[in-house]
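The values are calculated or read from the model by the stated rules, or taken from the named source; none is laboratory data. As the structure is a computational prediction, the values presented were derived from the model and not from experiment. For neighbour counting, all protein chains shown are included, and Cβ atoms are generated from backbone atoms with ideal geometry for every residue, glycine included.
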Amino acid sequence: MTAPALKITLVAACALIDADNRILIAQRPEGKALAGLWEFPGGKVEPGERPEETLIRELMEELGITVKEACLAPLTFASYPYETFHLLMPLWICRRWEGEIVAHEHQGLKWVRPGKLRDWPMPPADAPLIPALVDLLGP
């Protein structure tokens with residue numbers, strides 16, 4: 001007997017990269033699943049929405065910054081089976097945005113070198129994204 005198929009949830013994530021090649025990670029707030037863990041900003045793709053539109057919306061809501069679609073470049077993706085759903089998470093990189101980054105929905109924000117990302121506890125789906133960032137930016 002086979003297990004029932006898990007619903008696929010599409011979540012778009014973004015690695016914001018500063019002038020020093022550090023990546024922004026955000027700490028999930030209390031009261032949310034995986035609270036306290038560090039993640040790449042982004043969110044669930046809503047019905048009828050393209051992932052790029054999701055990132056533009058989520059980065060404004062979560063961080064108060066304006067990102068233009070032309071400044072988003074796809075890098076890699078993660079596919080991870082959680083207990084109650086299967087997460088498909090494409091990761092974009094972004095080096096240009098307008099506005100000052102402010103934590104509107106997260107407990108904290110950190111700028112981290114790519115080689116140090118594994119030093120921060122992250123959801124299991126985020127871990128497969130790290131090697132592509134290290135390859136792109138170096139340690």
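Odds and ends about this structure:
- For segment 122-139, filtering for residues that are assigned to a loop (DSSP other than H, G, I, E, B) and without any contact (Cβ under 8 Å) to a residue 40 or more places away in the chain leaves 1.
- Residue check for Leu87: part of a loop (DSSP other than H, G, I, E, B), in contact with a Ser or Thr (Cβ under 8 Å, 6 or more places away or on another chain) and of a type outside the set (Ser, Thr, Tyr): no
- In segment 70-107, of all residues being modelled with pLDDT of 95 or more and polar (S, T, N, Q), the one that is farthest from Gly31 (Cα to Cα) corresponds to Thr76.
- In segment 33-80, the residues that are over 20 Å from Leu109 (Cα atoms) and basic (Lys, Arg): Arg50, Lys68
- Within segment 107-122, the residues that satisfy the criterion of being in contact with a strand residue (DSSP E or B) (Cβ under 6 Å, 6 or more places away or on another chain) and farther than 17 Å from Asp18 by Cβ are Gln107, Met122.
- Residues that are over 13 Å from the mean Cα position of the chain (by Cα) and under 14 Å from Gln27 (Cα atoms) were ranked within segment 119-132; the one that is surrounded by the most Cβ atoms within 10 Å (Cβ to Cβ) is Trp120.
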